[in-house]
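Written out below as structure tokens is the structure these notes cover.
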Amino acid sequence: MSRVCRPIQHRNGSTIVFQDNTYIDFSSNDYLGLSQDPVLIDTFTQALHKYPLGSTGSRLLSGDYDICHTLEDAIAQLMNTEDALLFNSGYHANTGFFRAIVGKQDVVFADKLIHASLLDGIILSGAKLIRYKHQNMTHLAQLLRTHRQAFSNALIVTESLFSMDGDIAPLQELVALKNTYHCDLYIDEAHAFGLYGHQGAGLVEEENLTHEVTYMMGTFGKALGSYGAFLTCSSATKKRLINQCRSLLYSTALPPAFAAVNLKGLSLLQTEPHRRQSVRKQALTFRQELTKKGVSVLGQSHIVPIVIGDTSSTIRLANSLRALGFWCPPIRPPSVPEGTSRLRLSLTYHHTSHQLCDLTKALADSTI
Ligand SMILES: *Cc1c(COP(=O)(O)O)cnc(C)c1O
């Protein structure tokens with residue numbers, strides 16, 4: 001059965017309206033509920049009085065604006081890194097980065113469940129790709145021991161918070177292995193940026209490992225409710241990427257108004273920490289309540305996956321929830337491995353405890 005797009009006509013917090021019906025949305029990445037934030041929308045509108053609608057070119061030609069540099073400085077400051085580079089999206093960052101940094105003589109060790117954009121980027125680079133079992137540090141250590149020596153540079157790649165499993169990578173162990181085997185470490189913080197960390201900078205910051213991680217990728221498209229992404233790196237690496245990263249060179253740069261809105265979004269992480277605290281607290285309660293009612297969930301975050309297994313049962317469950325007003329589209333292969341189709345419930349700042357209670361009850365009562 002092929003998948004189809006469903007056009008939303010209107011969104012209001014966690015409520016989405018389609019032509020035929022209205023649902024509570026449990027599938028968006030608008031974790032902090034910022035996609036409709038009046039302050040951000042006002043910032044965007046103001047920026048359009050100053051800047052053009054589009055950037056009009058790639059950054060090396062005419063698409064570079066002062067606001068992009070201000071934003072990159074602010075990212076580097078928040079992330080506590082030497083430098084940062086703006087990308088159009090996380091997909092652009094991940095698909096473009098590797099080819100500029102590693103090649104045939106190098107090796108990439110990557111978690112089996114890394115996001116498709118990382119996988120595509122690594123394949124494009126031509127580096128040898130060796131995958132370790134999901135979150136399995138014993139397996140990674142064994143592969144490093146066997147294969148590291150035969151290559152020039154080595155890079156370990158993982159997500160900090162896995163998008164389809166909701167679980168968190170053992171960052172300290174990854175850092176230890178990276179040091180033992182003289183590797184670099186690339187952490188995709190797509191789902192953790194904005195939600196974790198004392199400053200909201202992500203899980204690496206939360207675990208005080210910033211100076212041990214070579215590269216961090218974060219997106220503005222998820223918790224920050226906007227669009228665009230960034231990579232943290234050294235200034236030397238940034239220079240290299242600006243000259244060699246093809247997704248940067250051969251694509252129209254991010255519209256400057258998005259840079260302005262993302263800069264404002266970063267400041268909201270400082271001034272409105274209650275957003276991330278609230279989502280994390282709700283997630284904890286939601287998980288406890290589901291478990292209490294006998295519904296088993298994966299992971300330990302605001303992404304709450306319920307693995308059903310076979311795709312048609314998952315679709316049936318999603319449909320029955322939809323009839324009750326919950327929008328929880330089924331996740332199936334190739335987004336997840338065969339036989340592990342699931343519902344992936346993502347919690348946002350706008351979900352009320354009442355809505356979560358109702359969904360818990362619906363899941364507990366479902367017969368699948
Ligand atoms: C969503 C996602 C990306 C892509 O980020 P966009 O800004 O949406 O293109 C990259 N990595 C992971 C793990 C993601 O979940």
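Results, tabulated for the structure shown:
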{"quantity": "Per-pair calculated FRET efficiency, R0 = 45 Å: E338 and L60 via Cβ, rounded to 0.05", "calculated": "0.60"}
{"quantity": "Cα gyration tensor shape of the stretch 239-368, rounded if a/c is under 1.5, else prolate or oblate by comparing a/b with b/c", "calculated": "oblate"}
{"quantity": "Helix-only mean residue ellipticity at 222 nm for the chain, each DSSP H run of n ≥ 4 adding -39500 (n - 2.57), per residue, nearest 500", "calculated": "-12500 deg cm²/dmol"}
{"quantity": "Length added when fully stretched, R316-Y227, from 0.36 nm per residue minus Cα-Cα", "calculated": "28.8 nm"}
{"quantity": "Stretchable slack from R3 to T367, in nm (0.36 nm times residue separation minus alpha-carbon distance)", "calculated": "128.6 nm"}
{"quantity": "Spacing of the two label points (7 Å from each Cα toward its C-beta) at I123 and Q105, in nm", "calculated": "2.6"}
{"quantity": "Cα centroid separation, the stretch 1-47 to the stretch 215-293 (Å)", "calculated": "18"}
{"quantity": "Rg ratio (alpha-carbon, reference 2.2 N^0.38 Å) - the stretch 284-343", "calculated": "1.12"}
{"quantity": "Antiparallel %, DSSP beta bridges [both residues in the stretch 1-151], to 5", "calculated": "55"}
{"quantity": "Cα gyration tensor category, rounded, prolate or oblate, for the stretch 152-282 with a/c compared to 1.5", "calculated": "oblate"}
{"quantity": "Residue-normalised accessible area of the stretch 1-141, expressed per residue, 1.4 Å probe, Å²", "calculated": "49"}
{"quantity": "Using distinct alpha-carbon pairs, which all enter the 1/r mean, Kirkwood radius of the chain in Å", "calculated": "21.4"}
{"quantity": "Heavy-atom accessible surface of the stretch 300-368: percent carbon and sulfur, 1.4 Å", "calculated": "54"}
{"quantity": "Of all DSSP beta bridges in the chain, antiparallel share, percent nearest 5", "calculated": "55"}
{"quantity": "Solvent-accessible area, 1.4 Å probe, carbon plus sulfur percent, for the stretch 162-261", "calculated": "49"}
{"quantity": "Cut-off 11 Å, label 7 Å out along Cα→Cβ of Q77, residues of the stretch 264-289 by amide N", "calculated": "267"}
{"quantity": "Alpha-carbon Rg/Rh ratio, for the stretch 133-209, with Rh computed the Kirkwood way", "calculated": "1.00"}
{"quantity": "Percentage relative contact order, the stretch 93-196, counting C-alpha pairs under 8 Å, at least six apart", "calculated": "27"}
{"quantity": "Antiparallel %, DSSP beta bridges [both residues in the stretch 100-229], to 5", "calculated": "10"}
{"quantity": "Range in the chain, longest, excluding exposed GluC sites (Glu not before Pro) [loop by DSSP; at most 14 other beta-carbon atoms within 10 Å]", "calculated": "83-337"}
{"quantity": "Spacing of the two label points (7 Å from each Cα toward its C-beta) at S234 and H69, in nm", "calculated": "2.3"}
{"quantity": "Per residue value of the accessible surface for the stretch 152-250 (all protein chains in place, 1.4 Å probe), Å²", "calculated": "33"}
{"quantity": "Charged-residue dipole, Cβ positions (Lys, Arg, Asp, Glu), the chain about Cα centre, Debye nearest 20", "calculated": "800"}
{"quantity": "Prolate/oblate/rounded label for the stretch 1-123 (Cα gyration tensor, a/c 1.5)", "calculated": "oblate"}
{"quantity": "Loop-resident sites, the stretch 82-143, for trypsin sites (Lys or Arg not before Pro), counting at most 14 other Cβ within 10 Å (DSSP)", "calculated": "K104, K112, K133"}
{"quantity": "At most 13 other Cβ within 10 Å, DSSP loop - chymotrypsin sites (Phe, Trp or Tyr not before Pro), the stretch 1-63", "calculated": "F18"}
{"quantity": "Computed label-point distance, nm, for sites S152 and S267 using a 7 Å Cα→Cβ extension", "calculated": "4.5"}
{"quantity": "Gain in span if fully extended, I41 to T22, counting 0.36 nm per residue against the direct Cα distance", "calculated": "4.4 nm"}
{"quantity": "Whole-angstrom gap from the stretch 98-149 to the stretch 192-206, using each part's C-alpha centre", "calculated": "24"}
{"quantity": "Quotient of C-alpha Rg and 2.2 N^0.38 Å, computed over the stretch 75-211", "calculated": "1.00"}
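The values are calculated or read from the model by the stated rules, or taken from the named source; none is laboratory data. Note that the coordinates shown come from a computational prediction; the quantities given were computed from them, not determined experimentally. Virtual Cβ from ideal backbone geometry, glycine too; neighbours counted across all protein chains shown. These area figures cover heavy atoms from the full protein model, side chains too; ligands, DNA and RNA do not enter into them. Shrake-Rupley method; radii C 1.70, N 1.55, O 1.52, S 1.80 Å.
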